[in-house]
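The values are calculated or read from the model by the stated rules, or taken from the named source; none is laboratory data. The structure presented is a predicted model; accordingly, all values stated were derived computationally and were not measured. We place every Cβ from the backbone using ideal geometry, glycine too, and count neighbours over all the protein chains shown.
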Amino acid sequence: MRKDYQIFTVFILILIIIPILIPQFHGTRHYIQIMIFVGIYSLITIGLNLLMGYAGQISVGHAAFFGLGAYTSGVLTGRFGFNPWLALILAVLITLMVAYLVGVPCLKLHGHYLAMATLAFGIIIYIVLNEWDRLTGGPSGLTGIPKISLFGYQLDSDLKYYAFVWSIVVLSVIFSINLIHSRMGRALRSVSGSEDAAKAMGVNTPRVKIQVFLISALYASIAGSLYAHYMNFISPSTFNLFFSLKLIIMVVLGGVGSIWGGILGALVITYLSNEWLSSLAEFELLTFGVVLLLMTIFLPDGIFGLIKRLGLGKKLAFQR
């Protein structure tokens, strides 16, 4: 764990250096915006990696929790004038409630049955966001979402929001590191290995699975609120099935069962989406499908798995 925090210190230094270096190069200022999105998506992939990589539970509907957080914050602040912080807290509570109601029956399933159940949930939430136009704005989207402020300090620039978002990511990483090294983390790994064996050792597997499911939903909800208050506009198309699949690709690409893998996957996929693949339009989904297929065949442990095979894994990754 000590080495984990040594790498964590390097991570903090990189986050500090990035906004200092980027403005020095011509035509790179938009990279701060990209890094904001990387931070937002990293929150989701960290939680999803806890669920998939450590507990061994598959979710193909995490875009739904992302959307619930975004739309709850957006509707409460944009339509009803709530304080953004109060809206964020309420968004988390509502998302957790929905996650619990969905998770209790779904997590009794295994394998592709669980994947299909979470997929159905994601589609249902997308349809609700798309059809409930009187509240959500429907396909046209929701506008008028205010910027968020911190202690009266308006976060009205990309640099300020970068610092804000990545501060939250840092806190989530600290929490996740401690979680995976705790008794619950050991229980998660035992559930992933064999639920029957975990039960035999006295692990309350239903409770452990629902707890990690709720934690991953909480991360996604916070990310959704951050996204809504940064963009000031949201539409259902952002929270569709394709985005859920993209989240899984981020986790698989970076490395399942690695906290840093989720962040690395979010960085790579977000950069590719904004820089190289944005011109492909409908072929973007096909491209990501090919990437996922190749990763599954040739690099099943992701980029951090490759680093581990090169002998650097213990220094650069939080391994399972």
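Tell me, please, whether a residue that is outside any helix (DSSP H, G or I) and among the basic types (Lys, Arg) can be found in region 77-90. Show your work before the answer.
So the first thing to find is which residues in region 77-90 are outside any helix (DSSP H, G or I), and the list is 79-83.
In the following step, the residues that additionally are among the basic types (Lys, Arg) were identified as 79.
Yes, region 77-90 has at least one match.
Does any residue of region 215-232 turn out to be of a type outside the set (Val, Ile, Thr), on the phi < 0 side of the Ramachandran plot and either out of contact with any helix residue (DSSP H, G or I) (no Cβ under 8 Å at 6 or more places or on another chain) or at pLDDT below 90 (or both)?
Yes, because at least one residue in region 215-232 is of a type outside the set (Val, Ile, Thr), on the phi < 0 side of the Ramachandran plot and either out of contact with any helix residue (DSSP H, G or I) (no Cβ under 8 Å at 6 or more places or on another chain) or at pLDDT below 90 (or both).
Quick grid of which residues meet (1) part of a loop (DSSP other than H, G, I, E, B); (2) at pLDDT 95 or above:
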site	(1), (2)
Arg134	no, no
Asp156	yes, no
Ser167	no, yes
Gly185	no, no
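If you go through region 82-95 one residue at a time, do you hit one that is surrounded by fewer than 21 Cβ atoms within 10 Å (Cβ to Cβ), within 30 Å of Ile18 (Cα to Cα) and aromatic (Phe, Trp, Tyr)?
Yes, some residue in region 82-95 is surrounded by fewer than 21 Cβ atoms within 10 Å (Cβ to Cβ), within 30 Å of Ile18 (Cα to Cα) and aromatic (Phe, Trp, Tyr).
Being crowded, with 24+ Cβ neighbours inside 10 Å and not in a helix (DSSP H, G or I) is the filter here, so list the residues in region 44-58 that pass it.
Ala55, Gln57, listed by residue number.
Check Ile145, Ile127 and return the single one that is within 24 Å of Leu226 (Cα to Cα) and either of a type in the set (Asp, Glu) or assigned to a helix (DSSP H, G or I) (or both). Please lay out each step first, then the result.
Values: Ile145 fails: either of a type in the set (Asp, Glu) or assigned to a helix (DSSP H, G or I) (or both).
So the residue among Ile145, Ile127 that is within 24 Å of Leu226 (Cα to Cα) and either of a type in the set (Asp, Glu) or assigned to a helix (DSSP H, G or I) (or both) is Ile127.
Say we look at region 21-45 and pick out the residues that are of a type in the set (Phe, Trp, Tyr) and at pLDDT below 95; which of these is farthest from Ile58 (Cα to Cα)?
If we take residues in region 21-45 being of a type in the set (Phe, Trp, Tyr) and at pLDDT below 95, then Phe25 is farthest from Ile58 (Cα to Cα).
Could you list, in sequence order, all residues of region 163-194 that are more than 30 Å from Pro19 (Cβ to Cβ) and without any contact (Cβ under 8 Å) to a residue 24 or more places away in the chain?
The initial filter retains those residues of region 163-194 that are more than 30 Å from Pro19 (Cβ to Cβ), namely 181-194.
Result: Ser182, Arg183, Arg186, Ala187, Ser190, Ser194.
Looking at region 207-224, can you tell me whether even one residue there is surrounded by fewer than 22 Cβ atoms within 10 Å (Cβ to Cβ), over 30 Å from Trp85 (Cβ atoms), out of contact with any Phe, Trp or Tyr (no Cβ under 6 Å at 6 or more places or on another chain) and among the charged types (D, E, K, R)?
yes
Which of the residues that make up region 71-117 are within 18 Å of Ser149 (Cβ to Cβ) and either touching a residue at least 12 places away in the same chain (Cβ under 8 Å) or under 18 Å from the mean Cα position of the chain (by Cα) (or both)?
Within region 71-117, Ser73, Gly74, Leu76, Thr77, Gly78, Pro84, Trp85, Ala87, Leu88, Ile89, Leu90, Ala91 qualify.
Inside region 149-162, can you point out the residues that are charged (D, E, K, R) and without any contact (Cβ under 8 Å) to a residue 12 or more places away in the chain? First the steps, then the outcome.
Of all residues in region 149-162, those charged (D, E, K, R) come to 156, 158, 160.
Result: Asp156, Lys160.
Pairs under 8 Å by beta carbon, first residue farther than 21 Å from Leu86 by Cα in region 128-147, partner surrounded by fewer than 12 Cβ atoms within 10 Å (Cβ to Cβ), six or more apart or different chains?
Asp133/Ser140
Kindly evaluate Val203 against the criterion of being modelled with pLDDT under 95, touching a helix residue (DSSP H, G or I) at 6+ places or on another chain (Cβ under 9 Å) and not in a helix (DSSP H, G or I).
Details: modelled with pLDDT under 95: yes; touching a helix residue (DSSP H, G or I) at 6+ places or on another chain (Cβ under 9 Å): yes; not in a helix (DSSP H, G or I): yes.
Against the criterion (modelled with pLDDT under 95, touching a helix residue (DSSP H, G or I) at 6+ places or on another chain (Cβ under 9 Å) and not in a helix (DSSP H, G or I)), Val203 qualifies.
Answer yes or no as to whether Asn274 is more than 13 Å from the chain's Cα centre (by Cα) and within 27 Å of Val98 (Cβ to Cβ).
No: the conditions fail for Asn274.
Run down Ser192, Ser172, Ser167 and say which single residue is under 30 Å from Leu88 (Cβ atoms), surrounded by 17 or more Cβ atoms within 10 Å (Cβ to Cβ) and within 22 Å of the chain's Cα centre (by Cα).
Matching residue, one of Ser192, Ser172, Ser167: Ser172.
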